[in-house]
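Read the structure below first, then the notes.
Read the figures in this text as sums done on the coordinates, not as results from a lab. On a predicted model such as this, the values are computed, not experimentally measured, just so you know. Positions of Cβ are generated from backbone atoms using ideal geometry, with glycine treated the same way; all protein chains shown enter the neighbour counts.
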Protein chains: 2
Amino acid sequence: MTDTAPQAPPAPDAAEIDAALVADIIDAVAERDTRWLARTLQRMHPADAADALEQLPYDTFEKAVELLGGELPPDILIELRDAYREGAVDVLPDAAVATALDELDSDDATTILEDLEDARRERILEDLAPVERAQLERGLAYEEETAGRLMQTEFVALPEFWSVGHAIDHARALGDELPEVFYEVYVTDPGHRLIGVVALATLLRTPRDVLLSDIMEDPMSDITTDMDQEEVAYEFQKYSLASAPVKDSAGRLVGMITGDDMVDVIQSENTEDLLSLLNVRSADGSDTVWDTVKARAPWLGVNLFSAFIASGIISIFQGTIEKIVALAVLMPVVAALGGNAGSQGLAVTVRAIAERHLDGGAARRAVFREVASGLVNGLIFAVGVGVIALIWFRQVDLALVIAASMLATFIWAGFSGILVPLGLKRLGADPAVASSVFVLTLTDVMAFFSFLGLASLVLL
Amino acid sequence: MTDTAPQAPPAPDAAEIDAALVADIIDAVAERDTRWLARTLQRMHPADAADALEQLPYDTFEKAVELLGGELPPDILIELRDAYREGAVDVLPDAAVATALDELDSDDATTILEDLEDARRERILEDLAPVERAQLERGLAYEEETAGRLMQTEFVALPEFWSVGHAIDHARALGDELPEVFYEVYVTDPGHRLIGVVALATLLRTPRDVLLSDIMEDPMSDITTDMDQEEVAYEFQKYSLASAPVKDSAGRLVGMITGDDMVDVIQSENTEDLLSLLNVRSADGSDTVWDTVKARAPWLGVNLFSAFIASGIISIFQGTIEKIVALAVLMPVVAALGGNAGSQGLAVTVRAIAERHLDGGAARRAVFREVASGLVNGLIFAVGVGVIALIWFRQVDLALVIAASMLATFIWAGFSGILVPLGLKRLGADPAVASSVFVLTLTDVMAFFSFLGLASLVLL
């Protein structure tokens, strides 16, 4: 935001400029200068204010929120990262949380409600106006990670027989009662069923006397409250949407989702894929050591199991290794390169699945491509590793053995790198989760078995 | 899009319904039924039509584009994935490309121009109207992956002394000459400098006689033509933007970027990170075998080098292994678990850097967290592996050796998983690229050296 110098690198200097502000905030918290704190934060964009608060040491952050109480603007609260927002809600008095629920759009209010413990949620909901309360409870009733949870119930719906002029006069009459941000108005029939969408840009350029029914377009997306958020994000991407209407199972318009929420969904799905591929369950910059251990130990446990499978294979050939110790020196090379080839294919496949590039015939073509390129890279690296082994150990048959097992492992890696994630997807599992453990175990087994097995046959 | 059944899984059935359409298209191409083809595609949403075309076998796709020629709507062309779009542009006659350039928004036209070979681009540009040509050439002059390349030059800018009524009358007079999609109008001074932004929703709810200068807000973002696309995407996310104005170095308003383009940037940056972490340079579902080999062989080469470093370490201890062959059986366990722990930390760190969660003091806390959780997981798995080794080989000192080297490797993995990407970032390199090779080499070296070294000292 603050960086306008032409060639400056993107991230660092914003942080430097913030440093002075962060120091001032720390001082203000120490001096309990609530007034300065509240005024400073209110003058900033909520996203910038949230960033500054997240830069504080965690206990100072909590003290700052405690000091501010009801004077912490709800807009800032909702911009905080999950862990900080949850911490802030814990510290805030009930009255401040209730005010936030009242001021925020329904999707943001639902986020805050999710943070509360059951008893406290009940208590705070009871103090709200009945209409507000009913609306929030309806939001919470939708399953997590569905369109129903993500949508806001603030939107603009107008009847089809209205004219453009009528619509604009209506908006002016409502003024600030309209949702703060919207990019289109929805056209509904008397049964509240969605029949069309009019972009604000269209409303703007159309003469006053034209009817909404003449300029409305069919909604591009078809989002219902129970739709999975990943599917919703895909619709937004595919049709380049800034916002979209949400219908209930009877086709009635019940909410609106905006694009910025979808960007968050896309980011978190991407993070999930990447972490799953590298065997981490979840991650947050503010995780404690204990959270970190819990997120990683289970996968390390699975890896422990698969590593001992590889050990088991090696132990079959202990006699061979005892006679030819060079095998012990070289066997990690076959396993490392094979594993690397497998996880390359896996990464490409998981991305292609996420971007829906592997539907229908494309999957067959991709399997061919993976196996064929496994063959080509296998040939290249079989020769490379063979030559290095020959120079090092001056044994032609050893070089031939490692080259052959290298080739076999690469082709196998090509197969498993694509078939494991595709298979998991077909079984209804997330292709990113568990794939890499499977692929690495499969390639390890193949690498050690083919190398040591061939060596036992040829070299003894 | 076609899926409305309540509990249906998201992806598969859309593909099934498409299958009939794809078969019809293949028939139409075989029968050279251009009219049916053109009408069918025009009736679909461009994104759906592009999806259907991408489902065709590649040579049928090319034939379809050839048949359609100028009747392939530019909206569909721009919705095709990179490889398909480039293929289509190759096949289309110059006149059809020129029409597409004319009809598309400037950012999309620039994308098409980038696909053309220099000679052909010159030829086609020469046939365009001089104004159009100058505008497109200006777009191409901005560096790739900057805001200048991404922006469209179609936007609405109005003087601050205009009233809301005046603005709406102006929009109605322009009608279809206005950009098709926009969510805000920009307010400029006589020197074309951006001084404010008015959201269409605000324009709509404000009485006719209010001046734009009274309702305009400061632009939240601060995007200049030379800003990197990743930085632009960050601004969109941070401030929840649907669109944003772009200024030149003198502060003049020169373009507008819309959120859908930013979603594409976010997706491609995410893909890049994930692939880099798993050592692939680039990937596209439509890559040939040769492209695939080229994208992966270089990293396999680097991995070959690092694998032989590990081999070198092992070869130092050949004498020890010859005497205690159990070491050869167990050493891959230490390396596999250590490597896994390192890449877990790496994945979390790379994501945290991408989401800017590691600015300032957060980095120090993260290093502590990684090392501390390495210690805790190290203790857990040292005990686990030690116990298994004890049961298997019934040798207390061997169990103690593997436990100790396990612990050392985990702590080391904790350090390298976070310090390698942070170090690369500080050096100005992309922390996702090359990190995993470094981390795996470092953990392999530590694993083999500590395990075999300790074994030589203790067990011989």
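Observations on the model:
- Charge-dipole axis of chain A as Lys and Arg at +1 and Asp and Glu at -1 on Cβ define it, positive-most pick from A:340, A:91, A:266: A:340
- FRET efficiency, residue B:355 to residue A:180 (Cβ-Cβ, R0 35 Å, nearest 0.05): 0.85
- Net dipole in debye of chain A [+1 Lys, Arg Cβ; -1 Asp, Glu Cβ; about Cα centre; nearest 20]: 3220
- Inter-probe distance in nm under a simple model that places probes 7 Å from Cα toward Cβ, at residue B:134 and residue B:166: 2.7
- Magnitude of the charge dipole for segment A:157-273, about its Cα centre and with charges confined to Cβ atoms of Lys, Arg (+1) and Asp, Glu (-1), is about 700 debye.
- Relative contact order (percent, whole number), chain A, Cα cutoff 8 Å, 6+ residue spacing: 10
- When the Cα positions of A:415, B:139, B:72 are compared along the charge dipole of the protein assembly as shown, A:415 comes out farthest toward the positive end, with charges on each C-beta of Lys, Arg, Asp and Glu.
- Percent of beta bridges antiparallel (DSSP, chain B, rounded to nearest 5): 75
- What the Cβ-Cβ distance of residue A:290 and residue B:309 gives, at R0 = 41 Å and to the nearest 0.05, is a FRET efficiency of 0.75.
- Net charge of the neighbourhood of residue A:253, taken over other residues with C-beta under 13 Å away and scored Lys/Arg +1, Asp/Glu -1, is -3.
- Tilt relative to chain B, helix B:396-426 - C-alpha long axis, 0 to 90 degrees, to 10: 30
- Classified by the C-alpha gyration tensor, segment B:12-146 has a prolate form. Its axis ratio a/c, with a ≥ b ≥ c, is 1.5 or above, and a/b is larger than b/c.
- Among A:459, A:427, sorting on how many other beta-carbon atoms sit within 10 Å of each Cβ, with the fewest leading, yields A:427, A:459.
- Residue by residue along A:38-47, Cβ atoms of other protein chains within 10 Å of the local Cβ number 1 on average.
- Here segment B:157-273 carries DSSP beta bridges of which approximately 70% are antiparallel, counting only pairs with both residues inside.
- Karplus-based coupling profile of segment B:334-350, in residue order and whole Hz: 4, 5, 5, 5, x, x, 5, 4, x, 6, 4, x, 4, 4, 5, 5, 4, with θ = phi - 60° in 6.51 cos²θ - 1.76 cosθ + 1.60 and x standing for Gly or Pro.
- Taking other C-beta atoms within 10 angstrom as a stand-in for reagent exposure, A:218, B:248 fall in the order A:218, B:248, fewest first.
- The angle between the Cα long axis of helix B:289-316 and the main principal axis of chain B comes to about 20°, on a 0 to 90 degree scale.
- For A:142, B:186, order by how many other beta-carbon atoms lie within 10 Å, fewest first: A:142, B:186
- Each peptide in B:55-64, A:306-315 gets a packing score, the mean of other Cβ atoms within 10 Å over its residues, and the list from highest to lowest is A:306-315, B:55-64.
- For segment A:261-390, the relative contact order works out to 14 percent when only alpha carbon pairs closer than 8 Å and six or more residues apart are counted.
- Cα gyration tensor shape of segment A:289-459, rounded if a/c is under 1.5, else prolate or oblate by comparing a/b with b/c: oblate
- Scalar couplings 3J(HN,Hα) for segment A:198-210, obtained by applying the Karplus form with A = 6.51, B = -1.76, C = 1.60 to θ = phi - 60°, are 10, 5, 4, 4, 5, 4, 5, 8, 9, x, 4, 8, 6 Hz; x denotes Gly and Pro.
- Leading residue at positive end of dipole, segment A:12-145 (Cβ point charges), from A:49, A:38, A:112: A:38
- Pairwise Cα distances in chain A exceed 31 Å in 60 percent of cases.
- Helical mean residue ellipticity (222 nm; -39500 (n - 2.57) per DSSP H run of 4+; nearest 500) of chain B: -22000 deg cm²/dmol
- Couplings 3J(HN,Hα) of segment B:436-444, computed from phi: 5, 5, 4, 4, 5, 5, 4, 6, 4 Hz, in residue order, whole Hz [Karplus 6.51 cos²θ - 1.76 cosθ + 1.60, θ = phi - 60°; x for Gly and Pro].
- Legend: mean number of C-beta atoms from other chains within 10 angstrom of residue C-beta atoms, peptide B:295-308, equals 6.
- Take each residue in A:239-246, count the other chain C-beta atoms within 10 Å of its C-beta, and the mean is 4.
- For the protein assembly as shown, the dipole from Cβ point charges (+1 on Lys and Arg, -1 on Asp and Glu) about the Cα centre works out to 4940 debye, to the nearest 20.
- In terms of its Cα atoms, the protein assembly as shown spans 94, 78, 54 Å along the principal axes, sorted from long to short.
- Normalised contact order of segment A:289-459, rounded percent, pairs of Cα under 8 Å and 6 or more residues apart: 36
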